[in-house]
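Trainee: Below is one structure. I have some questions about it.
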Amino acid sequence: MKNTYKLILLFFTVLLVFSGCAKKTYTPVLENEFDANAVYTAGDFSYTCRIIKTDSFVSVTPTSTNAKGMTIKYDGETVSFTRNGMVKEFPRSSLDSTNPAVVLYEVFASLKNAPARNTAVKNSVFHYVGTTSIGTFTLIQNKSNSLKSISVPDAQIEIEFEQ
């Protein structure tokens, strides 16, 4: 009887120890719509911008550089450029994959369908990993659910959101 008690105690001790070793996963909790200021960097070029995300599109409006005031909008099919009331539209296939609105749209579309195994908490912030047409990205989100940054190393793109 004493040996049975020891075996049961040992079993529950091992169970308790290893139950804490499971990798915890997280599902991205991103706002369907947001309006944020950010610094967008592509290689050596950097500019400040306003990023708007809705359920149906992403738009990027530079607030510095000569492109200040031009809005680039992507809805999954068409990229439009708007400035001073003039609008020019292009099919997605005719533009470079590093277009900022396209990159952001693809990041958020990828996260919408992201499996929980591609997420983790590191240094008290959420890290989400996914893939776009230009490579793997990492989105870092604060515990308050505000966005901190997006990095697409294969394309040398970094986006730092204002806090």
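Trainee: Might you work out the accessible area of Phe90 for me, using a 1.4 Å probe with all protein chains in place, and round it to the nearest 10 Å²?
Mentor: 70 Å²
Trainee: Going toward the positive end of the dipole of the stretch 66-159, with +1 on Lys and Arg Cβ and -1 on Asp and Glu Cβ, which of Ser149, Ala67, Val79 do you reach last?
Mentor: Ser149
Trainee: Let me ask another. Could you pull out every residue, at least 5 positions away or on a different chain, whose amide H is within less than 5 Å of the one on Thr136? Hs are placed 1.01 Å off N in the peptide plane, and Pro or chain starts have none.
Mentor: Amide H to amide H, under 5 Å and 5 or more residues apart or across chains, Thr136 pairs with Asp154.
Trainee: Another question, if that's okay. How far apart, in nm, are the 7 Å Cα→Cβ label points at Phe57 and Ser149?
Mentor: Each label point lies 7 Å from its Cα, and together they span 3.0 nm.
Trainee: So what's the net charge close to Ala38: Lys and Arg +1, Asp and Glu -1, counting the other residues with Cβ under 15 Å from its Cβ?
Mentor: Cβ neighbours under 15 Å give a net charge of -1.
Trainee: Around Ala101, with a cut-off of 11 angstrom between Cβ atoms, what is the net charge of the other residues, counting Lys and Arg +1 and Asp and Glu -1?
Mentor: +1
The values are calculated or read from the model by the stated rules, or taken from the named source; none is laboratory data. These figures come from a predicted structure and were not determined experimentally. Don't worry about glycine lacking a Cβ; one is built from the backbone with ideal geometry, like all the others, and counts go over all protein chains shown. Accessible surface is based on the protein model in full, side chains and every heavy atom, while ligands, DNA and RNA are left aside. Shrake-Rupley method; radii C 1.70, N 1.55, O 1.52, S 1.80 Å.
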